[in-house]
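Asker: For reference, the structure I am asking about is given below.
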Amino acid sequence: MKVNLTGAFARIDWWVMGACILLVGSGLLIIYSLTWPEDTRLVKQIIFLALGLALVIAIQLLDVHFWRNASVVFYAVIILLLIGLLIFGDTTRGIKAWITIGSLGFQPAEFAKLAMILFLATTLERLHFDIARLKHVVLVFAIIGIPMLLIAMQPDVGSAFIIFITGTIMILYTGLDRKKLLMLLVVGLIALFIGWFGVLQDYQKDRVLTFLNPQSDLLGAGYNVAQSVIAIGSGGIFGRGLGLGTQSQLNFLPEQETDFIFASFAEELGFLGSMLLLLVFVFFLWRLYRMTRDGTRLFGNFLILGILAMFLSQAVINIGMNMGLFPVTGVPLPFISYGGSSLIASFASIGIAMNVKG
């Protein structure tokens, strides 16, 4: 089979790729400041970046129909991995989230988001979804709910919530009147009720309650957020400089290169650096939005909208968490936080978005 690299490169939106490279580069800069040369996380992240870029190019060699046909297989494989993880997985830092192969860890939840988006986009296009039809409702909410429940049971409530938000936005894109919106709201409230009383662990409830009253436990459940807010505030306008952040460099701030990398970035590069980072991210999201406007395929529009919603919700929740606006959920900042599963899944998502945009 002849490989058409020219056609593959022609499908790539270089504005999107440029924005992604800038975002990853920003993350690498902070990871370098926080970890080099004590460990190899910087080198690993660069390798993950190379794999992600190669994956974007490889995806462009595939036909759009491949994603329709493969979506159910991809979804089924991820569901089996999530079930296997709950049964056979090792508990790390209180959750069963990683499949470990040698020295490498693979986090199925990061790919479950994309698998759900693919399968839901295929289903919504095929069904011409109508919330008044019970079989449509059951099928669509099963597609969203199964991975969401399995991930919440790890427990990884942050990733489960991203799946819920992303799926809901994709459903809203089908067009719903007031009655149908009310039905959707009732389902959402029932899901929240079940989640609070049946899924959330006590420490996760403590995080939510601490979010509502941040001063209640500054040395316990509220410690992470308190240190994050201090780090962001201490950065000022221009930042303390690379390697000079007191909260991050002296390890007062936990998870500096993953969950709280935005706070580390703001402390060392300040308000101006943070604003430039956010502007790049907004530009990246705007380019994805343009794909949905320019797209001619309903499947492609559903898919790209889901990917856009996934990135937007992750960024809003992560940055809000760093600023004390949301509870701590462990959601990574796309392209910026350290982590191979998150980075590769993010590049796979934009690769597929560019592949189906026509």
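The values are calculated or read from the model by the stated rules, or taken from the named source; none is laboratory data. Being a predicted model, the structure only gives us computed values, none of them experimental. Note: ideal-geometry Cβ built from the backbone for every residue, glycine included; neighbour counts use all protein chains shown.
Asker: Does the stretch 71-94 include one or more residues that are part of a loop (DSSP other than H, G, I, E, B), surrounded by fewer than 13 Cβ atoms within 10 Å (Cβ to Cβ), over 20 Å from the mean Cα position of the chain (by Cα) and among the hydroxyl-bearing types (Ser, Thr, Tyr)?
Answerer: Yes, that holds for at least one residue.
Asker: Might you check whether a residue that is closer than 17 Å to residue 299 by Cβ, at pLDDT 90 or above, touching a helix residue (DSSP H, G or I) at 6+ places or on another chain (Cβ under 7 Å) and of a type in the set (A, V, I, L, M) occurs anywhere in the stretch 143-153?
Answerer: yes
Asker: Given the conditions (1) in contact with a Lys or Arg (Cβ under 7 Å, 6 or more places away or on another chain); (2) assigned to a loop (DSSP other than H, G, I, E, B); (3) surrounded by fewer than 24 Cβ atoms within 10 Å (Cβ to Cβ), report the number of the one that residue 328 does not fulfil.
Answerer: (3)
Asker: Within the stretch 47-57, is even one residue among the aromatic types (Phe, Trp, Tyr), assigned to a loop (DSSP other than H, G, I, E, B) and either out of contact with any strand residue (DSSP E or B) (no Cβ under 9 Å at 6 or more places or on another chain) or at pLDDT below 95 (or both)? Write out each step before concluding.
Answerer: Let us first name the residues in the stretch 47-57 that are among the aromatic types (Phe, Trp, Tyr), namely 48.
Adding the requirement that they be assigned to a loop (DSSP other than H, G, I, E, B) leaves none.
No, because not a single residue in the stretch 47-57 is among the aromatic types (Phe, Trp, Tyr), assigned to a loop (DSSP other than H, G, I, E, B) and either out of contact with any strand residue (DSSP E or B) (no Cβ under 9 Å at 6 or more places or on another chain) or at pLDDT below 95 (or both).
Asker: Okay, moving on. Restricting to the stretch 154-166, and then to whatever is among the hydrophobic types (A, V, I, L, M, F, W, C) and touching a helix residue (DSSP H, G or I) at 6+ places or on another chain (Cβ under 7 Å), can you tell me which residue is farthest from residue 116 (Cα to Cα)?
Answerer: Per the stated criteria, the residue is 157.
Asker: Do we find a residue being farther than 21 Å from residue 341 by Cβ, in a helix (DSSP H, G or I) and at pLDDT 95 or above anywhere in the stretch 20-27?
Answerer: Within the stretch 20-27, the first condition is being farther than 21 Å from residue 341 by Cβ, and the residues that meet it are 22.
Checking the rest, the ones that are also in a helix (DSSP H, G or I) come to 22.
This time we only want the ones that are at pLDDT 95 or above, so: 22.
Yes - at least one qualifying residue is present in the stretch 20-27.
Asker: Quick one: which residue in 283, 271, 302, 265 is in contact (Cβ under 8 Å) with a residue 40 or more places away in the chain and surrounded by fewer than 24 Cβ atoms within 10 Å (Cβ to Cβ)?
Answerer: Working: 271 fails: in contact (Cβ under 8 Å) with a residue 40 or more places away in the chain; 302 fails: surrounded by fewer than 24 Cβ atoms within 10 Å (Cβ to Cβ); 265 fails: surrounded by fewer than 24 Cβ atoms within 10 Å (Cβ to Cβ).
From the options 283, 271, 302, 265, the qualifying one is 283.
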